[in-house]
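Below is one structure, written out as structure tokens; comments come after it.
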Amino acid sequence: MAMIPRFLVTISVAALVIFAAPIPRASATSAYDLPDIGSPADAVLSKSQAEQIGRSVLLRLRVDGQVLEDPELDEYLDSIGHRLVAQAHEGDQEFTFFLVNEKVINAFALPGGYIGVNTGLILQTQRESELAGVMAHEIAHVTQKHIARRASAQSRSSMLAAAAVLAAILMGATGTADANVIQATAMSAQAFAVQQSINYTRVNEYEADRVGLQILHNANFDPYGMPDFFETMGRLTGSWGNRVPEFLLTHPISSTRIAETRSRADQLPPTTVTESREYPLMRERLRVLGAESSIEIVEYYQDALEKSPEPYPYLRYGYGLALIRDGRADDAVPIFHELRESDDSVIAYHSALGQALMASGQPNESLIVFQDALKLFPRNVPLTIRYAEALMWAKQYDQAHAILLDLFNNVPPTATQVRLIANAAGGAGENAEAHYYMAEYYLLNGNVMMAVDQLNQALSQPDLQAVQRARFEARKAQLVPYLPKNHPDRPSSAEAKPD
């Protein structure tokens, strides 16, 4: 029997019901009416409520397929985000950073510290400090409680109305305010009108610039990255005609704002700017993943390398990924071999080489690459995920299951990663555990009925051990109150869904 997966106990079902019933306003005597530093925002939106709303909107985005989940890109974005957060002096505020698979140039902050960055924005930046500047700005919106303040101003008497306002912020932020998405998040046809009324105020934008600039500087990024990117976006206003970038709609930029941000950067003390080697690599990774044609992206890199004064590593990395995508992994292998030999401290080179070898039909060589890399970088998430994929490709499911379980008991998994360990467990013949993992996968995607169905299948497996049965039954008992009242697994005496 597999080890007890400790990581699953952290997965919460609270996000499933954030819009299921009205959220009561905090009473006059509750702790919610004692905000930090006298802020009235906390009286209308507590920390736990903000977390639930932000998690719910992220869940909606994930269900709609708008969240891009890629181990290498996820780790990179998270590393930049938390490098900035470490300078934000918000020890009790957790942050979650995620990529939105959208070419629209934008980034946005959600309640609860959820920061979304559109892929189109990253491709528009020219250096890491520009990307970090935008992220620092969004972090400042959270630390200064701008979202809660706006919700408070919009509706001081109804938390449900405030939740709708906050969801409307997201609809505009992603640039995909589709009617079906709005309906799915319990928004009415008035959502577009609400959206127009909640654009960040000029005061909030200037405050986010000021606070974000200090965060950016303290994290040893170039503070001029923020005004440089604003200036780039300002120049795009005229060239885009009527197709104004979404970033400019939610973050209006004027020449005065650019000048003030640049002036503030001038006043900051000198700092040693440190930008990672991963930035240009991850930008090219995004370019390859988002390309509409594998042939065209290969030609793009061939042309770029031919015109480049030297074969920059980021161009060769992108070219190798493009070759793999075009089914030419044999040609990609020597590229990644050379890159890894030139600098074995770059994790992305190890990962790409292992994937290229596997795709070219060299599984043994691929597994050796991953094993050697994990000796250098134990429990690195992208490497472990790619190693597990390679093991499963080589039909070594037992080992894949074991290394994923070890990883996820130390690092919380994404929904995609939970599905991966379910597949590994199934391949290893651990069918009960596979159904249990799939229950968590469906739960992370907001489908409590499918989650309970998977738990029922887990409980029906022969030769269950007592520990497994107890674990499955305990998890099912947690989910039953969230089922529809007429669901066969919900007894008539079950209490109503909790608020």
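The values are calculated or read from the model by the stated rules, or taken from the named source; none is laboratory data. Owing to the predicted nature of the structure, the values given are computational and were not obtained by experimental measurement. Cβ placement follows ideal geometry from the backbone for every residue including glycine, while neighbour counts extend to all protein chains displayed.
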Report task. Kindly list, by first and then second residue, each pair from a residue in the stretch 267-296 that is over 28 Å from Asp326 (Cα atoms) to a residue that is buried (at least 17 other Cβ atoms within 10 Å of the Cβ) and among the charged types (D, E, K, R), limited to pairs with Cβ atoms under 7 Å and residues at least 6 apart or on different chains. Result -> Val273/Asp222; Glu275/Arg127; Glu275/Glu128; Ser276/Glu128
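Every residue, every condition in (1) in contact (Cβ under 8 Å) with a residue 24 or more places away in the chain; (2) assigned to a helix (DSSP H, G or I); (3) crowded, with 20+ Cβ neighbours inside 10 Å; (4) at negative phi, yes or no:
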{"position": "Asp330", "(1), (2), (3), (4)": "yes, yes, no, yes"}
{"position": "His337", "(1), (2), (3), (4)": "no, yes, no, yes"}
{"position": "Tyr349", "(1), (2), (3), (4)": "yes, yes, yes, yes"}
{"position": "Gly354", "(1), (2), (3), (4)": "yes, yes, yes, yes"}
{"position": "Ile368", "(1), (2), (3), (4)": "no, yes, no, yes"}
Query raised in the report: Where residues in the stretch 56-89 are of a type in the set (S, T, N, Q) and farther than 22 Å from Leu213 by Cβ, which of them is nearest to the chain's Cα centre (by Cα)?
Result: Gln66
Query raised in the report: Within the stretch 104-111, is even one residue over 16 Å from the mean Cα position of the chain (by Cα), within 25 Å of Leu236 (Cβ to Cβ) and in a loop (DSSP other than H, G, I, E, B)?
Result: yes
Query raised in the report: How many residues, within the stretch 398-457, are within 28 Å of Asp78 (Cα to Cα) and acidic (Asp, Glu)?
Result: 2
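If you go through the stretch 351-365 one residue at a time, do you hit one that is hydroxyl-bearing (Ser, Thr, Tyr) and in contact with a Lys or Arg (Cβ under 7 Å, 6 or more places away or on another chain)?
The answer is yes; a qualifying residue exists.
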Report summary line: Of all helices (runs of 4 or more DSSP H) fully inside the stretch 204-313, the set with 3 or more residues that are closer than 18 Å to Leu121 by Cα, modelled with pLDDT of 95 or more and not assigned by TED's automatic domain parsing to the domain that holds Glu130 is 278-290
Report task. Report those helices (runs of 4 or more DSSP H) wholly inside the stretch 410-499 carrying at least 3 residues which are among the basic types (Lys, Arg). Result -> 466-479
Query raised in the report: Would you say Arg379 is of a type outside the set (A, V, I, L, M, F, W, C), within 15 Å of Pro71 (Cα to Cα) and not in a helix (DSSP H, G or I)?
Result: yes
Query raised in the report: When the stretch 393-411 is examined, which residues are found to be touching a residue at least 60 places away in the same chain (Cβ under 8 Å) and either among the aromatic types (Phe, Trp, Tyr) or assigned by TED's automatic domain parsing to the domain that holds Ser366 (or both)?
Result: Phe408
Report task. Inspect the stretch 114-126 for any residue being under 21 Å from Leu286 (Cα atoms), small (Gly, Ala, Ser) and without any contact (Cβ under 8 Å) to a residue 24 or more places away in the chain and give the result as yes or no. Result -> yes
Query raised in the report: Across the stretch 266-294, what is the number of residues that are surrounded by 12 or more Cβ atoms within 10 Å (Cβ to Cβ), β-branched (Val, Ile, Thr) and over 17 Å from Ala352 (Cβ atoms)?
Result: 3
